[in-house]
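First the structure, in the form of structure tokens, and then the observations on it.
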Amino acid sequence: MDTHAAEAHDDHHGPAKGLMRWIRTTNHKDIGTLYLWFSLLMFLIGGVMALIIRAELFQPGLQFIDPQFFNSMTTMHALIMIFAALMPAFVGLANWMLPIMIGAPDMALPRMNNWSFWILPFAVTMLLSTLFVEGGAPAGGWTMYPPLVLQTGAAFPMLIFSIHLLGISSIMGSINIIATIMNLRAPGMSYMKMPMFVWTWFITAFLLIATMPVLAGAVTMLLTDKYFATSFFNAAGGGDPVMFQHIFWFFGHPEVYILILPAFGIVSQIIPTFARKPLFGYSSMVYATASIAFLSFIVWAHHMFTVGMPVAGELFFMVATMLIAVPTGVKVFNWVSTMWRGSMTFETPMLFAIGFVFMFTIGGFSGVMMAMTPVDFQYHDTYFIVAHFHYVLVPGAIFSVMAAVYYWLPKWTGNMYDEKLGKFHFWMSTVFVNILFFPQHFVGLAGMPRRIPDYSVQFTNFNMISTIGAFGFGLSQLLFVYIVIKAARGGAKATDQVWDGAEGLEWTLSSPPPYHSFSTQPVVK
Amino acid sequence: MDNAADDQYYVPHGTTWPFIGSIGLTTFLVGFIMLLNGGANGKYAMIAGAVILIYMMFGWFGEVIAESEKNTYNNWEGKSFRLGMSWFIFSEVMFFAVFFGALFYARILSVPWLGGAGEEADTNRILWDGFQAVWPTNGPGNVGGEFQRMAAWGLPALNTLILLTSGATVTWAHHAIKKNDRKNLIRGLTATVVLGFLFVFLQAIEYKEAYHEGLTMGTGIYGSTFYLLTGFHGLHVTLGAVMLTVVLFRSMKGHFTPQNHFAFEAAAWYWHFVDVVWLGLFIFVYWL
Amino acid sequence: MNKAVQLLTGLVSAMAVTSANAGGWGINLREGVTDLSHEIYDLHMLVFWVCVIIGVLVFGVMIYSMVHHRASKGHKAATFHESTLAEILWTIAPILVLGFLTVPAAKALIKIEDSSNSDMTIKVTGYQWKWQYEYPEEGISFFSSMSDPSRKASVRDSGIDPNSVEHYLLDVDNPVVIPVGKKVRFLFTSNDVNHAWWVPDLAVKKDAIPGFINDMWANVTEPGTYRGQCAELCGKDHGFMPIVVIAKEQADYDAWVSEQLASAEETKAASEKTWDRDALMAQGEKVYASSCAACHQAGGQGIPGVFPAITGSPTVTGEIGEHLNTIMNGRTGTAMQAYAGQLNDADIAAVTTFQRNGLGNAVGDMVQPADVKALR
Ligand code: HEA
Ligand code: HEA
Ligand code: CUA
Ligand SMILES: [Cu+2]
């Protein structure tokens, strides 16, 4: 019996119906959709936690919550935003777009693809339910430094295991992406012809499979230190609390580039489209991405300048860290040169992409400032840091995700989103995100430590402004939710090309694309 | 007809196994969490979770094996599987790297520091006066009390021999499968599986001895690194041995062809990986 | 729509006000009062301006092309998409800039890390949530925790306006005192979790890590009071363990030292004599407020699931020896620390008595300093 015929025949069936479709699906588009909705929900939840933080910080004194719960909010906000909102968003985009962009029939390992998504809801439920257990949710910061984190109550093993689950999920996701890119490229789609988004994800996937196991190992040691009497992070037993920080940041720093490389890819897709001009310096973009990935493994201790490392170490990590500005700069300059003498239009995706370049660069600058070890002695663990990473994460990474959604939504749904509202959403977000995070540079420099529920009165004014910005930004995001749902339900039909400057295989397919995109592969010249 | 549809990549249509797997995994972990938090019934949940997981694996792998036997796959899918397996092994390597990293950190940095090396003279003088940095150690606090170092040239050396031989026997089996020589394939695999479980058995004895001589997980940094490294390795050996057993039964049932035997290769690669990890262990945990 | 516009204009004007009287708003690093703090400040401004310049260039070009190279102006897209020369240039240029930044930074760093031939040493130990200061040479040792007015006001819905509290959250009961013009070397360690000792005006921040000693030095040039905070998340009251350093002229410093030694004698004497109940209760209430209330709460009700209540606690109302043992040696694996090293005999006796007979408990018995000494 020839099963292929049978399969090939099946291929032309649409998706199954009802809830089971989503539980059983092995289709990269369905799974991508699941990831994206999940991520949006988590963004709202993590955001609400952020709003609780900001509300408490609106004025000095404790108004709404107790210090312990405040620390829990800080910790959970970060964990949810990074592991449950931002990373799944990127994986979702990868699932939707990579196979289409390289002319693949689907992801290489469809069953495993289903699993890498379906672990997430369980992991996150486990993490969120810590809010209701005795002793409260984890409150040791997302960095989980011992010995403090070992004082966590019943929530402790839940924290550890949810991180294990999240790790398994992203490792499987990354393996799938690597296999897909290495094995399922359409004939003629050589590596150096791959779209930038594919390239950046390719490299990101390697970062993930290299660092996620490291995080898993680190939290495993926390578990055994608390429950099985080991002494990894206990000096009396010959261990060292700082060892955890080294291991964590060996994961943690590549992690932050995991959160930005796909964003670089997205921006590198969008800017050429709306500048109607090919991406400037494609190959240098590829090499820059690779060198950023490489460097990201040798800079981790810039998060630990104050732990009392030997001077030689501090010097090394200072120089290595600063070097990252070079390949990143190459990228920024390439984007600018792509815009240069183009024929630009400013639809919403382009607006978000440009906003990204501006504000990510601002965040990058503060990063370079903090790389200067002696000065970081002053910056470290202040709101200056908080300002830095929110600039790279929110108007950086999050903006890139929104740009991507606006850019590809017409392709996914077959409907155009409401351009007017989209632009409005961009301007609201941009104005408020700066009101939210820019003042944090000031309070940080003026001496306000991070992770504090209450502050001395001289920091009041900027904190108030920041909080206003937070609520403004938050509400603007509800607008985003509305726009997406509106487009998903209907609206002006989108052409296959969608954007007249757009290039690449995804635009050769109908909008929305057939359930099985390329059952037989296109040939790329 | 093997490559009949090489332009047709096989995409399965829906599967419930992953979802079941998540339920099993979560049930298991919830049980573990209850246990760690002093809940008595934790173990029942753990058993339930384990059962679900095993059921899932039989189901999932059963489905895949059936497809494979129906020649659903050809080289194209095969390459995806191989890529998947090799990068999975890479992530495993990184997992072990963490614990080796911890070992080296302790031996090269933290223990000498506590002994006053480098810029840490004060640490020793003020906090741990009189502590000498030697390896193995349970730290200046003498955490876990007296203990014996595990000698390299007893059981561990024997175990090294066993694993190395088992590495050779899978290769023997591999050559056999390529020559479609089922007799030797089964012989080679049987030998490997037996050696594998023998290793695990001896490791168990080794642990018993260690505990006898006061070396527990609680024995400072030495006990910590010793048990987590050897423990996770032992776990992986067991896993690898189980994989090989499955492959053995499949070859007895006449599965695999000289071209199409991914499951065998996956198990073999995995086996070589645990083999190499052991060499690292033998050298840095037992010997030096 | 125009509602939003109003809101925006409102906020923008708010920002305008901001920058107007920025003086009071503190928008920049403090220059500080040591040579190093000035050096660090200069480095900060240097790298800041470098970034501003690069920013102006990059953003300038972007804005220019966004204005001129737009389809709406009928600008036709060029087709160039490569220039090895450009790539090389904008790889080299940043490297040079960074090199230019690295050199002074490295120099400063090496100076900062060289704490050799210091004039005096102070050992600083972090506790959840207070600091202990020890002067080995002088034989002085004391704890320093946030002062009462701030503590009271910082309780949730305390009804006290923080603005009415002087140095809200930045004031302590016993400040650490150092002489000016001397190279003071600080040694840091911790009794429980990681903390970080940071006084912006002294420029350098260092972590206090249990089981290890870190060091850092400062040579304060002008007398004054300098305030800082713990800068490493250390649990519930991380935001409430301030640091106050008072730099005094040598003479005043010496006076302070002898003063300290004298009061040390007094406390010693206090631990010799036997106390009457009221004295114990009075002293105990003070000690409870500064040492226990942070976790077990001012009323002794604790925080369910996190910190056990004192009121009606089996330990407190139970056998006295076990109660003392808990207070003196702590409970391993919990946040309950050993107070034997933190409080003197009199204080332990007092606070034990207070816990047993205050906060809604009425066991009736009492503890004398002698009983505590016997257990040491
Ligand atoms: C998306 C995430 C992301 C990204 C991309 C970055 C990018 C960078 N980060 Fe950031 N960082 C974080 C997320 C990120 N960071 C987070 C989450 C933390 C806090 C973690 C915690 O403690 O909780 C952190 C903390 C952090 C610290 C620790 C601070 C402290 O705790 O004391 C440092 C110190 O060096 C640092 C440096 C940098 C540098 C040098 C870059 C560089 O990659 C930036 C490079 C980019 C540019 C420089 C701009 C463009 C370049 C040019 C225009 C060329 C010309 C420019 C020059 C020559 C200057 N980061
Ligand atoms: C991708 C990562 C990411 C993202 C997107 C954000 C987004 C935001 N972050 Fe956060 N943040 C971190 C990563 C991130 N953050 C990390 C790593 C830390 C460090 C943690 C630590 O120190 O350990 C941190 C810490 C941190 C702090 C410091 C806390 C402290 O030090 O104590 C603050 C304070 O202002 C803050 C604020 C915000 C705000 C206002 C947003 C906003 O952008 C959020 C905007 C979104 C919304 C507001 C949601 C919108 C929805 C609604 C308003 C309606 C809700 C309705 C329903 C849910 C039905 N974050
Ligand atoms: Cu002590 Cu924070
Ligand atoms: Cu970093």
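Only one of C:Ile112, C:Ile95 is touching a residue at least 60 places away in the same chain (Cβ under 8 Å), within 16 Å of ligand 1 (Cβ to nearest atom), β-branched (Val, Ile, Thr) and assigned to a helix (DSSP H, G or I); which?
Numbers: C:Ile95 fails: touching a residue at least 60 places away in the same chain (Cβ under 8 Å).
Answer to the selection: C:Ile112.
If the requirement is being closer than 25 Å to A:Tyr257 by Cα and modelled with pLDDT of 95 or more, which of these qualifies: A:Leu159, A:Leu128, A:Leu223? Walk me through it before giving the result.
Details: A:Leu128 fails: closer than 25 Å to A:Tyr257 by Cα; A:Leu223 fails: closer than 25 Å to A:Tyr257 by Cα.
None of the other options fit; the residue is A:Leu159.
Would you point out the residue of segment A:355-382, among those that are closer than 24 Å to A:Gly501 by Cα and open to solvent by less than 10 Å² (accessible area, probe 1.4 Å), that is farthest from ligand 4 (Cβ to nearest atom)? Before the answer, list the steps.
Going residue by residue through segment A:355-382, those that are closer than 24 Å to A:Gly501 by Cα are A:355-358.
From what is left, the residues that are open to solvent by less than 10 Å² (accessible area, probe 1.4 Å) are A:355-357.
Details: A:Gly355: 23, A:Phe356: 19, A:Val357: 21 Å.
Taking the candidates together, the pick is A:Gly355.
Could you tell me which residue of segment A:186-206 is surrounded by the fewest Cβ atoms within 10 Å (Cβ to Cβ), considering only residues that are part of a loop (DSSP other than H, G, I, E, B) and within 12 Å of chain B (Cβ to nearest Cβ)?
If we take residues in segment A:186-206 being part of a loop (DSSP other than H, G, I, E, B) and within 12 Å of chain B (Cβ to nearest Cβ), then A:Pro187 is surrounded by the fewest Cβ atoms within 10 Å (Cβ to Cβ).
Checking the condition open to solvent by 20 Å² or more (accessible area, probe 1.4 Å) and either touching a residue at least 40 places away in the same chain (Cβ under 8 Å) or touching a Ser or Thr at 6+ places or on another chain (Cβ under 8 Å) (or both), which residue from A:Ile160, A:Ile168, A:Ile177, A:Ile209 passes?
Numbers: A:Ile160 fails: open to solvent by 20 Å² or more (accessible area, probe 1.4 Å); A:Ile177 fails: open to solvent by 20 Å² or more (accessible area, probe 1.4 Å); A:Ile209 fails: open to solvent by 20 Å² or more (accessible area, probe 1.4 Å).
The unique qualifying residue is A:Ile168.
Would you mind finding the one in A:Ile398, A:Ile385 that is within 16 Å of ligand 4 (Cβ to nearest atom) and either polar (S, T, N, Q) or part of a helix (DSSP H, G or I) (or both)?
Values: A:Ile398 fails: within 16 Å of ligand 4 (Cβ to nearest atom).
The match here is A:Ile385.
Restricting attention to segment C:321-369, report how many residues are open to solvent by 60 Å² or more (accessible area, probe 1.4 Å), of a type outside the set (D, E, K, R) and part of a helix (DSSP H, G or I). Lay out the reasoning, then the answer.
First pass over segment C:321-369, keeping only residues open to solvent by 60 Å² or more (accessible area, probe 1.4 Å): C:322, C:325, C:329, C:331-334, C:341, C:360, C:362, C:366.
In the following step, the residues that additionally are of a type outside the set (D, E, K, R) were identified as C:325, C:329, C:332-334, C:341, C:360, C:362, C:366.
Cutting the leftovers down to part of a helix (DSSP H, G or I) gives us C:325, C:329.
Adding up the residues that qualify gives 2.
A quick yes/no check of all residues on (1) surrounded by fewer than 18 Cβ atoms within 10 Å (Cβ to Cβ); (2) under 27 Å from the mean Cα position of the chain (by Cα); (3) not charged (D, E, K, R):
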{"site": "C:Thr274", "(1), (2), (3)": "yes, no, yes"}
{"site": "C:Leu280", "(1), (2), (3)": "no, no, yes"}
{"site": "C:His296", "(1), (2), (3)": "no, yes, yes"}
{"site": "C:Gly299", "(1), (2), (3)": "yes, yes, yes"}
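How many residues, within segment A:285-316, are surrounded by fewer than 22 Cβ atoms within 10 Å (Cβ to Cβ), within 14 Å of ligand 4 (Cβ to nearest atom) and in a loop (DSSP other than H, G, I, E, B)?
Going through segment A:285-316 one residue at a time, the tally reaches 1.
Of the residues that sit in segment C:156-176 and are in contact with a Phe, Trp or Tyr (Cβ under 7 Å, 6 or more places away or on another chain) and more than 7 Å from chain A (Cβ to nearest Cβ), which one is modelled with the lowest pLDDT?
At the first step, the residues of segment C:156-176 found to be in contact with a Phe, Trp or Tyr (Cβ under 7 Å, 6 or more places away or on another chain) are C:162, C:169, C:174, C:176.
Still in the list and also more than 7 Å from chain A (Cβ to nearest Cβ): C:174, C:176.
Working: C:Asn174: 91, C:Val176: 95.
Here the answer is C:Asn174.
Looking only at segment C:281-339, which residues are farther than 19 Å from C:Ala362 by Cβ and among the charged types (D, E, K, R)?
C:Lys286, C:Arg331
Name the one entry in B:Leu189, B:Leu198 that is surrounded by 19 or more Cβ atoms within 10 Å (Cβ to Cβ) and out of contact with any Asp or Glu (no Cβ under 8 Å at 6 or more places or on another chain).
Values: B:Leu198 fails: surrounded by 19 or more Cβ atoms within 10 Å (Cβ to Cβ).
Only one candidate passes the filter, namely B:Leu189.
Could you grab the pairs with beta carbons closer than 7 Å, sequence gap of 6+ or different chains, first residue in segment A:314-333 and within 7 Å of chain C (Cβ to nearest Cβ), second one among the aromatic types (Phe, Trp, Tyr) and more than 16 Å from ligand 3 (Cβ to nearest atom)?
Close Cβ pairs (under 7 Å, with a partner that is among the aromatic types (Phe, Trp, Tyr) and more than 16 Å from ligand 3 (Cβ to nearest atom)) amount to A:Glu314/A:Phe305; A:Gly329/C:Trp90; A:Val330/C:Trp90; A:Phe333/C:Trp90.
In segment C:60-80, is there at least one residue being facing chain A (nearest Cβ under 7 Å), over 15 Å from A:Gly329 (Cα atoms) and in contact with a His (Cβ under 7 Å, 6 or more places away or on another chain)?
Within segment C:60-80, one or more residues are facing chain A (nearest Cβ under 7 Å), over 15 Å from A:Gly329 (Cα atoms) and in contact with a His (Cβ under 7 Å, 6 or more places away or on another chain).
Do we have any residue at all in segment A:460-474 that's surrounded by 21 or more Cβ atoms within 10 Å (Cβ to Cβ) and in a loop (DSSP other than H, G, I, E, B)?
The answer is no, given that none of the residues of segment A:460-474 is surrounded by 21 or more Cβ atoms within 10 Å (Cβ to Cβ) and in a loop (DSSP other than H, G, I, E, B).
Of the conditions (1) within 16 Å of ligand 3 (Cβ to nearest atom); (2) not in a helix (DSSP H, G or I), A:Gln59 fails just one. Which one is it?
(1)
Being open to solvent by less than 70 Å² (accessible area, probe 1.4 Å), out of contact with any Asp or Glu (no Cβ under 9 Å at 6 or more places or on another chain) and either within 14 Å of chain A (Cβ to nearest Cβ) or not in a helix (DSSP H, G or I) (or both) narrows it down to one residue among B:Ala133, B:Ala176, B:Ala106; which is it? Even if it seems obvious, please write down each step before you answer.
Values: B:Ala176 fails: either within 14 Å of chain A (Cβ to nearest Cβ) or not in a helix (DSSP H, G or I) (or both); B:Ala106 fails: out of contact with any Asp or Glu (no Cβ under 9 Å at 6 or more places or on another chain).
B:Ala133 is the lone residue from the list that is open to solvent by less than 70 Å² (accessible area, probe 1.4 Å), out of contact with any Asp or Glu (no Cβ under 9 Å at 6 or more places or on another chain) and either within 14 Å of chain A (Cβ to nearest Cβ) or not in a helix (DSSP H, G or I) (or both).
Could you list, ordered by first residue, the pairs with Cβ atoms under 6 Å in which the first is in segment A:426-450 and away from ligand 3 (no atom under 16 Å from the Cβ) and the second is part of a strand (DSSP E or B), at least 6 apart or interchain?
Listed by first residue and then by second, the contacts come to A:Gly444/A:Thr382.
Got a number for residues in segment A:364-400 being more than 7 Å from every other protein chain (Cβ to nearest Cβ) and not small (Gly, Ala, Ser)? Let's see the steps before the verdict.
Of all residues in segment A:364-400, those more than 7 Å from every other protein chain (Cβ to nearest Cβ) come to A:364, A:366-367, A:370-371, A:376, A:379, A:382-400.
Going one step further and asking which of them are not small (Gly, Ala, Ser), we end up with A:370, A:376, A:379, A:382-386, A:388-395, A:398-399.
Final tally of qualifying residues: 18.
Say whether the condition of being of a type in the set (Asp, Glu), within 11 Å of another protein chain (Cβ to nearest Cβ) and in a helix (DSSP H, G or I) is met by at least one residue in segment A:215-228.
Yes, some residue in segment A:215-228 is of a type in the set (Asp, Glu), within 11 Å of another protein chain (Cβ to nearest Cβ) and in a helix (DSSP H, G or I).
Checking the structure you have, find out if any residue of segment A:492-503 is open to solvent by less than 70 Å² (accessible area, probe 1.4 Å), within 30 Å of B:Glu77 (Cα to Cα) and not in a helix (DSSP H, G or I).
No, segment A:492-503 contains no residue that is open to solvent by less than 70 Å² (accessible area, probe 1.4 Å), within 30 Å of B:Glu77 (Cα to Cα) and not in a helix (DSSP H, G or I).
Would you mind telling me which numbered condition in (1) over 20 Å from the mean Cα position of the chain (by Cα); (2) more than 8 Å from chain C (Cβ to nearest Cβ) A:Val307 fails?
(2)
Please note which strands (runs of 3 or more DSSP E) are completely contained in segment C:160-250 and include at least 2 residues that are touching a residue at least 60 places away in the same chain (Cβ under 8 Å) and under 18 Å from the mean Cα position of the chain (by Cα). Lay out the reasoning, then the answer.
Details: elements: C:176-179, C:184-190, C:195-198, C:205-208, C:214-218, C:224-230, C:242-248.
Qualifying strands (runs of 3 or more DSSP E): C:176-179, C:184-190, C:195-198, C:214-218, C:224-230, C:242-248.
From the set of residues in segment A:244-259 that are aliphatic (A, V, I, L, M) and open to solvent by 10 Å² or more (accessible area, probe 1.4 Å), which is nearest to ligand 3 (Cβ to nearest atom)? Please lay out each step first, then the result.
Just the residues of segment A:244-259 that are aliphatic (A, V, I, L, M), to begin with: A:247, A:256, A:258-259.
Right, trim to open to solvent by 10 Å² or more (accessible area, probe 1.4 Å) and you get A:247, A:256.
Details: A:Ile247: 22, A:Val256: 24 Å.
Residue satisfying both the conditions and the ranking: A:Ile247.
Being at pLDDT 85 or above and of a type in the set (Val, Ile, Thr), is that true of even one residue in segment C:289-305?
no
State which residue is least open to solvent (accessible area, probe 1.4 Å) when the search covers only segment A:125-157 and only residues that are within 16 Å of ligand 4 (Cβ to nearest atom) and among the hydroxyl-bearing types (Ser, Thr, Tyr).
A:Thr143
So in segment C:145-155, with the set limited to residues that are more than 16 Å from ligand 2 (Cβ to nearest atom) and buried (at least 21 other Cβ atoms within 10 Å of the Cβ), which one is nearest to the other protein chains (Cβ to nearest Cβ)?
Taking segment C:145-155 and keeping what is more than 16 Å from ligand 2 (Cβ to nearest atom), we get C:145-153, C:155.
Those still in the list that are buried (at least 21 other Cβ atoms within 10 Å of the Cβ) too: C:145-147, C:150-151, C:153.
On the way: C:Ser145: 15, C:Met146: 11, C:Ser147: 13, C:Ser150: 9, C:Arg151: 11, C:Ala153: 7 Å.
Here the answer is C:Ala153.
For segment B:50-68, state whether one or more residues are surrounded by 19 or more Cβ atoms within 10 Å (Cβ to Cβ), assigned to a helix (DSSP H, G or I), more than 7 Å from chain A (Cβ to nearest Cβ) and among the hydroxyl-bearing types (Ser, Thr, Tyr).
Yes.
The values are calculated or read from the model by the stated rules, or taken from the named source; none is laboratory data. Worth saying up front: this structure is predicted, and the values here are computed from it rather than measured. We place every Cβ from the backbone using ideal geometry, glycine too, and count neighbours over all the protein chains shown. With ligands, DNA and RNA removed, areas are computed over all heavy atoms of the protein, side chains included. Shrake-Rupley method; radii C 1.70, N 1.55, O 1.52, S 1.80 Å.
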